[in-house]
Amino acid sequence: MPAYKRVLLKLSGEALMGDDSYGINPSTIDAMVTDIAEVVQSGVQLAIVIGGGNIFRGVAGGAAGMDRATADYMGMLATMMNSLALQDALRQKGVEARVQSALRMDQVVEPYIRPRAIRHMEEGKVVVFAAGTGNPFFTTDTAAALRGAEMGVEVVLKATKVDGIYTSDPKKDPTATRYDTISFDEAIIKNLQVMDATAFALCRDRKLPIKVFSILKPGALKRVVMGENEGTLVHV
């Protein structure tokens, strides 16, 4: 039996690259949607927020001299491309998916409408939220926290390249150990960068737990939703 009924999965755009330097790696996205399909078939209601860093990062654009708001809107369009790719890959696996965008692009995707998104999830469809919050200066981490709160999910699953939160950088420190669980307060005191500050504060205020795990480990997503000891749970 799954440990959660409704979850939100936050995917980074970079996770879609695989070993490529940019773009969407076909075998990587195929492996991801295979894991996602297994979770949906177990009866879990799933929403996804995906970043656009594999195509364009607003922060990087701003740092290179571009107007930050313009760069962020370009980043939102990158998330739209990733969301459409994810929707297509899910449908090829037999999983119905709907993209809802915070920016209007009605010929391609649905606009974000909260009651409709909830109804899709109740019908067993995966809802992919594109274009972040629709506002510049906010990350897709914040979009994940916001949509998670709006959808009434039980947990935000932050998929990364690392299998949890460690005492220090495991790539630099061989003695680093993984936390099974950690409180929001403890993560703040130890300055562990779980999510950006706005997203982290929203989850903390809403008492919405965050589970950090590696999307690159086969079957890890299913183990997380089944409540097994995978990744790190950040809780109140």
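Values in this text are rule-based calculations from the coordinates and carry no lab data. Nothing here was measured: the structure is a model prediction, and the numbers come from that model. Here the Cβ positions follow ideal geometry from the backbone for every residue, glycine too, while neighbour counts run over all protein chains shown.
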Original post:
Restricting the first residue to region 169-190 and requiring it to be in a helix (DSSP H, G or I), which pairs with a second residue that is surrounded by 14 or more Cβ atoms within 10 Å (Cβ to Cβ) meet a Cβ separation below 7 Å and a spacing of at least six or different chains?
Top reply: PHE184/ARG204; PHE184/VAL234; ALA187/VAL194; ALA187/VAL234
Original post:
Among the residues of region 38-62, which ones are crowded, with 20+ Cβ neighbours inside 10 Å and aliphatic (A, V, I, L, M)?
Top reply: VAL39, VAL40, VAL44, LEU46, ALA47, ILE48, VAL49, ILE50, ILE55
Original post:
Of the conditions (1) farther than 21 Å from ALA199 by Cα; (2) out of contact with any strand residue (DSSP E or B) (no Cβ under 7 Å at 6 or more places or on another chain); (3) outside any loop (DSSP other than H, G, I, E, B), MET105 fails just one. Which one is it?
Top reply: (3)
**OP:** Give me a count of the residues in region 207-236 that are surrounded by 23 or more Cβ atoms within 10 Å (Cβ to Cβ), part of a loop (DSSP other than H, G, I, E, B) and of a type in the set (Val, Ile, Thr).
**Re:** 1
Original post:
Consider GLY152 against the criteria (1) touching a strand residue (DSSP E or B) at 6+ places or on another chain (Cβ under 6 Å); (2) closer than 19 Å to ALA199 by Cα: it satisfies all of them except one. Which criterion is unmet?
Top reply: (1)
